[in-house]
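Single-structure report; data block below.
Bear in mind that the values in this text are calculations on the coordinates, not laboratory data. Fair warning: this is a prediction, and the values are worked out from it, not measured in the lab. Here Cβ is always computed from backbone atoms with ideal geometry, including for glycine, and neighbour counts include all displayed protein chains.
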Number of protein chains: 2
Amino acid sequence: MIKMKAAEDLSKELKEISVAEFFEKNRHLLGYENSTRALITIVKEAVDNSLDACEEAGILPEIKVSLKELEDSVFKITVEDNGPGIIEDKVHLAFGKLLYGSKFHRLRQSRGTQGIGISGAILYSQLTTGKPIRISSSTGKKINTIEMLIDVVKNAPSIISQQGESNQKKWHGIKIEMQAKGRYIEGFQSIIEYLRQTAIMNPYAKIIFKTPNDHQHTFSRVINKLPPKPKEIKPHPYGVEIGILRRMIQTTKSKNILSFLMRDFSRVGKRSATQILKLAKIDNKKKPHSLTHDEIDKIHNAMHLVKLIAPPTDCLSPVGDEELKKGLEKEIKAEHYVSVSRPTSVYRGMPFSVECALAYGGDLENTRRVNVLRFANKVPLLYNQGDCAITKAVVQTDWRRYGISQSFESLPNGPLAILVHFVSAWVPYTSEGKQAIASYPEIIKEIKLALQDAGRKMKLYISKRRRKQQMKMRQNLFEKYIPEVSEGISKISETSKEKIRTGLEKILESGAKKYEKEDQD
Amino acid sequence: MIKMKAAEDLSKELKEISVAEFFEKNRHLLGYENSTRALITIVKEAVDNSLDACEEAGILPEIKVSLKELEDSVFKITVEDNGPGIIEDKVHLAFGKLLYGSKFHRLRQSRGTQGIGISGAILYSQLTTGKPIRISSSTGKKINTIEMLIDVVKNAPSIISQQGESNQKKWHGIKIEMQAKGRYIEGFQSIIEYLRQTAIMNPYAKIIFKTPNDHQHTFSRVINKLPPKPKEIKPHPYGVEIGILRRMIQTTKSKNILSFLMRDFSRVGKRSATQILKLAKIDNKKKPHSLTHDEIDKIHNAMHLVKLIAPPTDCLSPVGDEELKKGLEKEIKAEHYVSVSRPTSVYRGMPFSVECALAYGGDLENTRRVNVLRFANKVPLLYNQGDCAITKAVVQTDWRRYGISQSFESLPNGPLAILVHFVSAWVPYTSEGKQAIASYPEIIKEIKLALQDAGRKMKLYISKRRRKQQMKMRQNLFEKYIPEVSEGISKISETSKEKIRTGLEKILESGAKKYEKEDQD
């Protein structure tokens, strides 16, 4: 009976794990695997939230970020926005509870979705310094400031102090201050780089960054208008799996199954709904809650058989191919730029879209490896490049077709920069740290199509450039022999050497001009 | 006041997200991003649990896995073990609740830790088929069988049926049956490959796999003894962060701070504890719960100043370098094998160890790219190679030093296979799908040291092989000229051509023998 004893002992140890404890222990999942990245992640989570909040409230974002080194490797991080703020009795929950948020259950493009990001930052802050976080919030009336920690075992906020003050300047927004262990750097993967790329994709935002060495970087607003606000959509029948449908039917407020189909899904009108129920052999008037598992299975099958138009795409807010090209031009000094905006695709009923831009030549001539700039829902992705669907799509594209060298299953070589922007109501990140897109085959396929479109456009330029170079080489060669040739012809034709030489030079010149003209047409 | 309205509207939408909902939507985090990988993940989660349970109970594992295609793309997956089973009133929780388990709060090497794996498999199963899972469990007495689903919104099991039956054969263990959408393949990333690699690292387990096409693969037990059971350890003071220390002090059962330090940590005796408190200027008799934040900070600082021996390493159960080499020999037909077992290292107070083996030549001569076999706590890692600390360590190692060609920042080229095994009481996976190790710098460093040790060993062989090849080439060249040389010498020395020829051939032969002998010494 040793074994039974073991079973009992082992079973006794079974217990619940708080989600905060889980992420505290596995903090690298949230982007805290080293002290450099930790600081970047804290800033990123706060800035992403601020941008989302401003856009939702229709406010042009102005965000102030500042870092100060308090003692060796301990930083004070402050992020302040001019967003709508959060009402008083929700602030502590929005910041002090993981898996708590407003964006998870919604189908609409936004930076955050998980309800983990900023509370994860607080978790890291208190873990490494033990200091509470300070949050001021105002919706335009008084300013409320709380100091709090997260009770990790309960996954709940624990408020230490709370106070209100008058708000004569009618400030609205959120200001957070926290202390955390970290290492500050500038360069390739850094806060400045994150903010710079953010500014490129969000040209309507103003971002001011004060570094620990007291330098101030201002990323100015270059467009004074917010993009159209993405609209929330309902799930599309084609993307709904049986498990989800069952839950929707269990919890719907619709009185009969016909109105359930029409009200709880996008693109289902009375005709399609009737058709679905006819195929499933279910009475239109049947109450959703009374359906059996078997009946739900039949409805699920029928939903995929009826012809429906694709889900609406106004839940997305892509940047636009021209804007993307401008962004890349600002970023990288190259000879030529192309950009592509793919039509919206649908995966699991979820619309998504891929935009991409390429830059070639110029400053890029001296780079060792192709530069890939990755973005998802306007947020730059700085880490985990190797495991990102964007990188995989780049590697799987045959760049040699477009005149760019590439070895087997590698990033292409040559003076090329690649920018890819993925927008979706749901971005499948490879981890909660949200730095890479998971390799769903449908997503890789669509990114590859965008890269191929852009590659073909760039090929035209590369071929011309190559022809031009060859022409130039031939001209140079010809030029070199003009004196010799002139002398030869002069002897044969009994014409002055000088005259022939001038004639040949003219021919060469007009030939070059003709070529250039053709090239421009 | 538009903004205030916005704030209120937005704040109203804030709500809690269940951890089951989170993973249902982000199922790729658990390894369900496509239908091929989904089946592998289900089998892996069940088999990993079975191996852990058997080892903990001291039972030699015998695991039966079977797959059956019920209809197009829908499979029935069955996994049965001979482990200790789970007591009746805990089964539904162990399987039907995410973040529920026995291994999270424990410092000891095991395959599972998160309390997510098997419930994640059930989540995927019910999402794609809507069918309940069937679990039979016995601790040796009667057999209890339940059918259940997971209530996703509540993250709780929902039992559909429950029954007990007598157990005349005194079977003990767990048998689970579930249905899920999937795609079955064999080859590089597959269930067979996962089981084959599992068998290599767990030679004391017997695994029987019945494929959907009714083939049966048996991975036999080759060692009839379980490895020593890893022991649970307490946290080491050097690895405890201020946030954790504070929580430990809040929840300890120790009556005074001196006994807290001695009882709740490893490697702290009375002398070290007294020394810590003296440095922190805290009275030994002070009650832990009465300490202020400031006092806890002082203790935390003092804990890092006192000299303590490294944490005990018996919480780990590495495979051993010889066993590892044997495993690789079984796996790959090569000319030469080397292996290395690094001494235990400590990171954040957590002991970990790296073992590695290399194979060179033989069948590997024809491979295009180096084969990297990755393992963590005896579990093969089949996916996310690009983002794994092991791959990064391989890429960052300078293989040209050891006679193996490699281009800049790439995997080496040539007839080489690399096996790396990482063991730790805590493996920082890059996602809950547990297929890659996060890039903590300390871990990459230690893996690189192991690879360098192995590389140096392999270099000896590669150099010898190269010298041998050169010798051979020289011999061949010499052999070719023997007739000509013999004739020449014959004329000069007036000796018969045949005699000289035989003499030269003998010299050549003994030279080669001498060389070979030297080579063996």
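At 7 Å along the Cα-to-beta-carbon direction for both A:LYS330 and A:LEU305, put a label point, then send me their distance in nm to one decimal.
5.3 nm
Can you compute the modelled spin-label distance between A:ASN34 and A:GLN216, with each label point 7 Å from Cα toward Cβ, in nm?
3.3 nm
Rounded to a whole number, what is D in µm²/s for region B:321-457 from Stokes-Einstein with the Kirkwood radius over alpha-carbon pairs (37 °C, 0.692 mPa s)?
Values: Rh = 14.8 Å.
It comes out at roughly 221 µm²/s.
Quick one: angle between helix A:242-251 and the longest Cα principal axis of chain A, in degrees between 0 and 90, rounded to 10, please.
50 degrees
Helix-only mean residue ellipticity at 222 nm, chain B, DSSP H runs n ≥ 4 weighted -39,500 (n - 2.57), per residue, nearest 500. What is it?
On the way: 14 runs with 209 residues, N = 521.
Calculated mean residue ellipticity at 222 nm is -13000 deg cm²/dmol.
Which of A:VAL379, A:GLY414, A:ALA393 sits closest to the plus end of the dipole of region A:360-418, meaning its Cα is farthest towards the positive end, when Lys and Arg get +1 and Asp and Glu get -1 on the C-beta?
Farthest towards the positive end: A:VAL379.
How much net charge surrounds B:LYS103 when only the other residues with a Cβ under 15 Å from the Cβ of B:LYS103 are counted, with Lys and Arg +1 and Asp and Glu -1?
On the way: positive: A:LYS12, A:LYS15, A:LYS25, B:LYS90, B:LYS97, B:ARG106, B:ARG108, B:ARG111, B:LYS229, B:LYS231, B:LYS378, B:LYS434; negative: A:ASP9, A:GLU13, A:GLU16, A:GLU21, B:GLU45, B:ASP48, B:ASP52, B:GLU55, B:GLU56, B:GLU232, B:GLU432.
Summing Lys/Arg as +1 and Asp/Glu as -1 gives +1.
Taking K and R as +1 and D and E as -1, what net charge do the other residues with C-beta under 10 Å from the C-beta of B:GLU55 add up to?
On the way: positive: B:ARG111, B:LYS229, B:LYS378; negative: B:ASP52, B:GLU56.
So the environment of B:GLU55 carries a net charge of +1.
Does region A:237-305 classify as rounded, prolate or oblate by the C-alpha gyration tensor (a ≥ b ≥ c root eigenvalues; a/c under 1.5 gives rounded; else a/b over b/c gives prolate, otherwise oblate)?
Numbers: a/c = 1.14, a/b = 1.07, b/c = 1.06.
Taking the square roots of the gyration eigenvalues as a ≥ b ≥ c, region A:237-305 is rounded.
Local charge sum around A:GLU177 (other residues, Cβ-Cβ under 12 Å, Lys/Arg +1, Asp/Glu -1)? Display every interim value, and only then the final one.
Numbers: positive: A:LYS64, A:LYS68, A:LYS76, A:LYS131, A:ARG134, A:LYS175; negative: A:GLU80, A:GLU147.
Counting the neighbours of A:GLU177, the net charge comes to +4.
Residue by residue through region B:115-125, which ³J(HN,Hα) values in whole Hz follow from phi under the Karplus form 6.51 cos²θ - 1.76 cosθ + 1.60 (θ = phi - 60°), with glycine and proline marked x?
With the stated coefficients, region B:115-125 comes to x, 10, x, 6, 5, x, 5, 5, 4, 5, 4 Hz.
When the dipole is taken about the Cα centre of region A:321-457, and only Lys, Arg (+1) and Asp, Glu (-1) are charged at their Cβ, what size is it in debye, to the nearest 20? Each step should come with its number before you reach the end.
Details: 18 positive and 16 negative charges, 29 e Å.
Charge dipole of region A:321-457: 140 debye, to the nearest 20.
Give me the inter-chain shielding for A:12-24: mean count of other chain Cβ atoms within 10 Å, whole number please. Could the numbers behind the result be given before it?
Values: counts 3, 8, 12, 9, 9, 13, 3, 7, 0, 4, 9, 0, 4.
Per-residue shielding by partner chains comes out at 6.
Could you work out the relative contact order of chain A? I mean the mean sequence separation of Cα pairs under 8 Å and 6+ apart, divided by the number of residues, in percent.
The normalised contact order for chain A reaches 12 percent.
What do you get for the angle between helix A:441-493 and the principal long axis of chain A? Use alpha-carbon atoms, 0 to 90 degrees, nearest ten.
Taking Cα atoms only, the helix is inclined about 10 degrees.
Mind putting a number on the dipole of the protein assembly as shown about its Cα centre? Charges go on the C-beta only, +1 for Lys and Arg and -1 for Asp and Glu, and I need it in Debye to the nearest 20.
Working: 170 positive and 124 negative charges, 103 e Å.
Charge dipole, the protein assembly as shown, about its Cα centre: 500 debye, nearest 20.
Taking A:PRO441 in one copy and the same position in all the others, each labelled 7 Å out along Cα→Cβ, what are the pairwise distances from the first, in nm, shortest first?
Copy-to-copy label distances for A:PRO441: 4.1 nm.
Would you give the gap between the C-alpha center of region A:177-241 and the C-alpha center of region B:248-292, rounded to a whole Å?
Between the Cα centre of region A:177-241 and that of region B:248-292, the gap is 45 Å.
What fraction, in whole percent, of alpha-carbon pairs in region A:1-70 exceed 21 Å separation? Numbers along the way, then the final one.
Values: 1371 of 2415 pairs.
I get 57 percent for the Cα pairs in region A:1-70 exceeding 21 Å.
Using only atoms on other chains, find how many Cβ atoms lie within 10 Å of each Cβ of peptide B:417-428 and report the average. Provide the component values of the computation, followed by the final result.
Working: counts 0, 0, 0, 0, 0, 0, 0, 0, 0, 2, 1, 6.
Mean number of neighbouring Cβ atoms from other chains: 1.
Along the Cα-to-Cβ line of A:LYS142, 7 Å from the Cα, sits a label point; which residues in region A:150-184 have backbone N less than 13 Å from it?
Under cut-off, by backbone N: A:162-168.
Using a 7 Å offset from Cα along the direction of the beta-carbon, what are the separations from B:THR251 to the same position in each other copy, nm, ascending?
2.9
Rg to Rh for chain A: what is it, with Cα atoms only and Rh by Kirkwood?
Values: Rg = 30.1 Å, Rh = 27.1 Å.
With Rh from the inverse mean 1/r over Cα pairs, Rg/Rh is 1.11.
Dipole of chain A (Lys/Arg Cβ +1, Asp/Glu Cβ -1, origin at the Cα centre): which of A:ILE59, A:GLY320, A:GLN435 lies farthest to the positive side?
Going by the Cα projections, it comes out as A:GLY320.
Rg and Dmax of the protein assembly as shown, Cα atoms, in Å?
Using the Cα atoms of the protein assembly as shown, the pair Rg, Dmax is 34.0, 121 Å.
Using the Cα centre of region B:19-219 as the reference point, and only Cβ charges (+1 on K/R, -1 on D/E), how large is the resulting charge dipole? Debye, rounded to the nearest 20. Don't skip to the answer; put the middle values down first.
Values: 26 positive and 23 negative charges, 59 e Å.
Dipole about the Cα centre, nearest 20: 280 debye.
In degrees between 0 and 90, to the nearest 10, how far off the longest principal axis of chain B does helix B:2-12 point, with axes built from Cα atoms?
In chain B, helix B:2-12 runs at an angle near 80 degrees to the longest axis.
So how compact is region A:1-118: Cα radius of gyration and Dmax in angstrom?
19.6, 70
Put a point 7 Å out from Cα along the line to Cβ at A:GLU193; what are the distances to that point in the other copies, in nm, shortest first?
With the label placed 7 Å along Cα→Cβ, A:GLU193 yields 3.2 nm.
Kindly give Rg over Rh for region A:19-219, based on alpha-carbon atoms, with the Kirkwood expression for the hydrodynamic radius. Write down the numbers at each step before the final one.
Details: Rg = 15.8 Å, Rh = 16.9 Å.
Taking Rh as the inverse mean 1/r over Cα pairs, Rg/Rh reads 0.93.
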